[in-house]
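These notes concern the structure reproduced below.
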Amino acid sequence: MARLNARAITAGLVLAILALIVLAPMAGLLNLSGIPGYEPGDLRFWESGYIRRVLFFSLWQALLSMLCSVLPAILVARAFASQADFPLRGLLLRLFALPLVVPAVVAVMGVVSVYGSGGWLPLGRSLYGLNGILLAHVFFNLPLAVRLLLPQWQTIPPHHWQLGEQLGMNAWQRWRFLEWPALREALPGVMLLVFMLCLTSFAVVLTLGGGPKSTTLEVAIYQSLRFDFDPARAVVLALLQLSICTLVAILTLRLQRLPEVEITLVSPSKPIVVRQNLLNTLLILAAGVFVAMPLLSMLIDALGGPLWQVIGTTRLWRSLVTTLFIGLFAALFSVAAGWFLLQYSASLSLAGKTSKAHLVDLAGSIVYVVPPLVIGSGLFVLLSPHFDVFAWVYPIVIAINAVMGLPFVIRSLGPALRQNHARYHYLCQSLALQGWNRFRYLEWPLLRRPLGLAAALVAALAMGDLGVIALFGTPHSATLPLLIYQQLGAYMIPHATVTALLLLLLSLTVFWGLERAIGGKTDA
Amino acid sequence: MLEIKQLEFAYAAEAAPTMHFNLSVAAGEILSLIGPSGSGKSTLLNLVAGFLAPSAGQILLDGIAIETSGVASRPVSIVFQQDNLFPHLDLYTNVALGVDPSLRLSREQADAVAVALDQLGLSDLRRRKPGELSGGQRQRVALARVLVRKRRILLLDEAFAALGPALRAELIEVVKKLVRDNNMAALLVSHQPRDALLASARTAFICAGKITALEQTGDLLDHSQLAEVRDYLGAV
């Protein structure tokens, strides 16, 4: 009981800090009366043509991005399911995990490198705007959707395939009776997740948006605060964004059918063979080329660009160290907070208080509905009248990124930690194995792999963040993503490409390094 | 009559065969197959069903070779221990799939499905989903589908293993009637010697990929002199 109380106190502290970081900015946004220039009528967003346009474009691009990502992903996932012995299968599935750790701004550079003027498939000026946004969003979300949907084929019992064969089902009937029922369980959750990711996407829209015509709520919040100095409009936009995200999250929660798949670079195990044919092979190869091409093209451009000139600047190295610093500290705080929350929820679960345990997990993940830019703008509005927020850039950026990483920690570490707790808690009690010894002999050996994965994920996400750092960063405190954005703004595209390559290498090195250093060698 | 002649199977294409089978089952007969785990009982069923390809030998039904026929065109129905039904479809549809996977049934075919459900005591449950049924009811639905498929060979792969003794005995009686009435040749794989006793006049003992004994069920279970049979039964 004493241990449960200790866990409750630690988890309570974590939740209090979480509430302070998430809810205080919300309160700041809601407490509009303190904002100079605010009129109550500002909340009537439907009277503002600008806000209506921004709202429509945000939803429209998210919807199109979702459809363009998920519909082809169904075909590609099915092709992967059918090609269990495809020689490049493992390699391609690893490649499909890459966009999970590739910073958005790096992907943008890849997209520009392929589809920009002078690229392999030039779209000219029409790249900037909806086309570019869609291409970058599909680059990120098609592989994610494939990896989330593919395991659904593995849920089909082997006997069902055999029965289908014995009953003489053709390809359409197999799809109708075996594959679609398995797929439709996960599809709404995956679609909503991709919709949400595209709705809250910041770096892609900021860099490829191409003007007021192609601005989303996230970018409009940033522009209101940093360029137009219009906090009142930022508040309206942030509240709109928050409302839509909450609505999508509630829908997702109601469906609760997102497949439990680990976000890892390890490829999933082989499923049952459906049928092999040329079309499936072509689909897999086309998707592989689509994902690999931006990274490859960017690599070639960077190697042929002003590599030594960029590497020789102190600004780059300062940004690199800042990026690393932010990434590692965000990972440390996020994993620590997730660990304490999950320990408490596992104890509650074992004590039969499952709904309370679920509530603790949910509290840790609820931040998922609050886009980082909304938190950032809330903090900006709340803190800027009282002190120089730009001087506090590192703690603020680390804190927000750590909080934003928490849902990933809960998702990566939660199942293993709960299982571990349920299986060994009573044994530990009978052996009086607790505290440091329990961690050393039980939890560390059994949980280091998901711990490593969680830390690697949060670090990669924080290092790739452009939203929060763009809001609070200064040229002096720029991270690599902000430096790339500044270089793009100055039309130094070759320089930005080289910086993007370095950021990519740094992100991958840190991801693999943390996963290996904490998680140890895996047998996968 | 189902005849399995010099049937061989190798796990790797170029490896030496690890399984050899010879047996025959008369029309209207259920032959039980017992033996330790991994001995080859389910492999034999998979060879007959066409899920696995033999490396040599023949499978004959009334003298006609079927071992090269595709899975769907073989005169075979199979019932597994679980996952016989599609969970998102109601009972009627699950059974109707056995007639035509396009579900475009003629009036006669639809009537046949209704009759099969009636014979298995499932008429009132026709719109229920498998998840709403007991284990025994689910196996009855699988048997109703066997009935509408009208195939001459029935394979039961641990089909009653998940059921209690009374229910197993009840379903074995259902299967016996089904086999007798439809002149089927059936192979029943079970880990329970009592199932063999209830279902079959004859039982084969399979060990290490071979049929080492094929006798009257009572004799095999009570008086076998073979050490592996005694070991197996002693271990049950």
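The values are calculated or read from the model by the stated rules, or taken from the named source; none is laboratory data. Note that the structure is predicted; figures quoted are calculated from it, not measured. In this analysis, Cβ positions are derived from the backbone assuming ideal geometry, glycine residues included, and neighbour counts consider all displayed protein chains.
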Inter-residue pairs, beta-carbon under 9 Å, first at positive phi and without any contact (Cβ under 8 Å) to a residue 40 or more places away in the chain and in the range B:126-155, second of a type in the set (Gly, Ala, Ser) and part of a strand (DSSP E or B), 6+ apart
B:Lys150/B:Ser77
Could you tell me whether any residue of the range B:105-116 is within 13 Å of chain A (Cβ to nearest Cβ), more than 18 Å from the chain's Cα centre (by Cα) and either among the basic types (Lys, Arg) or crowded, with 19+ Cβ neighbours inside 10 Å (or both)?
no
Listed by first then second residue, the pairs whose first member lies in the range A:383-395 and is over 25 Å from A:Ala331 (Cα atoms), whose partner is modelled with pLDDT under 85 and surrounded by 11 or more Cβ atoms within 10 Å (Cβ to Cβ), with beta carbons under 8 Å and at least 6 positions apart or on separate chains, are A:Pro385/A:Gly34
Only one of B:Ser77, B:Ser73, B:Ser69 that is of a type in the set (Gly, Ala, Ser), out of contact with any helix residue (DSSP H, G or I) (no Cβ under 9 Å at 6 or more places or on another chain) and in contact (Cβ under 8 Å) with a residue 12 or more places away in the chain:
B:Ser69
If the requirement is being touching a residue at least 40 places away in the same chain (Cβ under 8 Å) and closer than 26 Å to B:Gln81 by Cβ, which of these qualifies: B:Phe9, B:Phe51?
B:Phe9
When the range A:473-493 is checked residue by residue, the ones that are modelled with pLDDT of 90 or more and assigned to a helix (DSSP H, G or I) are A:Leu480, A:Pro481, A:Leu482, A:Leu483, A:Ile484, A:Tyr485, A:Gln486, A:Gln487
So which of A:Leu282, A:Leu278 is over 18 Å from the mean Cα position of the chain (by Cα), over 30 Å from A:Thr216 (Cα atoms) and modelled with pLDDT under 90?
A:Leu278
Matching option when the condition is under 22 Å from A:Met109 (Cβ atoms) and touching a Ser or Thr at 6+ places or on another chain (Cβ under 6 Å), among A:Ala357, A:Ala302, A:Ala292:
A:Ala302
As an exercise: evaluate B:Val99 against (1) away from every other protein chain (no Cβ under 14 Å); (2) buried (at least 17 other Cβ atoms within 10 Å of the Cβ); (3) of a type in the set (Val, Ile, Thr); (4) part of a loop (DSSP other than H, G, I, E, B) and give the number of the one condition it does not meet.
(1)
I'd like to know if the range A:177-184 contains one or more residues that are crowded, with 20+ Cβ neighbours inside 10 Å, in contact with a Gly (Cβ under 6 Å, 6 or more places away or on another chain) and within 14 Å of chain B (Cβ to nearest Cβ).
yes
If you check B:Arg151, B:Arg127, which single one turns out to be surrounded by fewer than 20 Cβ atoms within 10 Å (Cβ to Cβ), more than 14 Å from chain A (Cβ to nearest Cβ) and assigned to a loop (DSSP other than H, G, I, E, B)?
B:Arg127
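Any residue at all in the range A:189-201 that is more than 14 Å from every other protein chain (Cβ to nearest Cβ) and either among the small types (Gly, Ala, Ser) or more than 18 Å from A:Leu144 (Cβ to Cβ) (or both)?
Step one: of the range A:189-201, the residues more than 14 Å from every other protein chain (Cβ to nearest Cβ) are A:189-201.
Next cut, either among the small types (Gly, Ala, Ser) or more than 18 Å from A:Leu144 (Cβ to Cβ) (or both) only: A:189, A:201.
Yes.
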When you look at B:Ile34, is it aliphatic (A, V, I, L, M), more than 10 Å from chain A (Cβ to nearest Cβ) and either surrounded by fewer than 19 Cβ atoms within 10 Å (Cβ to Cβ) or in contact (Cβ under 8 Å) with a residue 40 or more places away in the chain (or both), yes or no?
yes
Candidates A:Val76, A:Val108, A:Val112, A:Val102 - the one that is buried (at least 22 other Cβ atoms within 10 Å of the Cβ) and in a loop (DSSP other than H, G, I, E, B)
A:Val102
Quick check on the range A:302-321: of everything there that is modelled with pLDDT of 90 or more and buried (at least 18 other Cβ atoms within 10 Å of the Cβ), which residue is farthest from the chain's Cα centre (by Cα)?
A:Val310
Exactly one condition in (1) assigned to a helix (DSSP H, G or I); (2) within 14 Å of chain B (Cβ to nearest Cβ) is not met by A:His137; state its number.
(2)
A:Pro271 versus (1) at pLDDT below 80; (2) under 24 Å from A:Ala24 (Cα atoms): which is the lone unmet condition?
(2)
Quick check, is B:Ser190 crowded, with 20+ Cβ neighbours inside 10 Å and of a type in the set (Ser, Thr, Tyr)?
yes
Going residue by residue through the range A:461-471, is there one that turns out to be within 26 Å of A:Val204 (Cα to Cα) and not in a helix (DSSP H, G or I)?
yes
So, in the range A:198-232, how many residues would count as being in a helix (DSSP H, G or I), touching a helix residue (DSSP H, G or I) at 6+ places or on another chain (Cβ under 8 Å) and closer than 17 Å to A:Leu55 by Cβ?
14
Being more than 21 Å from A:Phe390 (Cβ to Cβ) and among the charged types (D, E, K, R) is the requirement here; does A:Arg226 meet it?
no
Name every residue in the range A:142-160 that is within 11 Å of another protein chain (Cβ to nearest Cβ), surrounded by fewer than 21 Cβ atoms within 10 Å (Cβ to Cβ) and outside any loop (DSSP other than H, G, I, E, B), in order of residue number.
A:Pro158, A:His159
Looking only at residues in the range B:42-86 that are β-branched (Val, Ile, Thr) and away from chain A (no Cβ under 14 Å), which one is nearest to the chain's Cα centre (by Cα)?
B:Ile59
Here's a check for you: in the range A:476-498, which residue that is over 20 Å from A:Tyr128 (Cβ atoms) and among the polar types (S, T, N, Q) is surrounded by the most Cβ atoms within 10 Å (Cβ to Cβ)?
A:Thr479
Give the residue, chosen from B:Ala196, B:Ala201, that is touching a residue at least 60 places away in the same chain (Cβ under 8 Å), out of contact with any Asp or Glu (no Cβ under 6 Å at 6 or more places or on another chain) and surrounded by fewer than 17 Cβ atoms within 10 Å (Cβ to Cβ).
B:Ala201
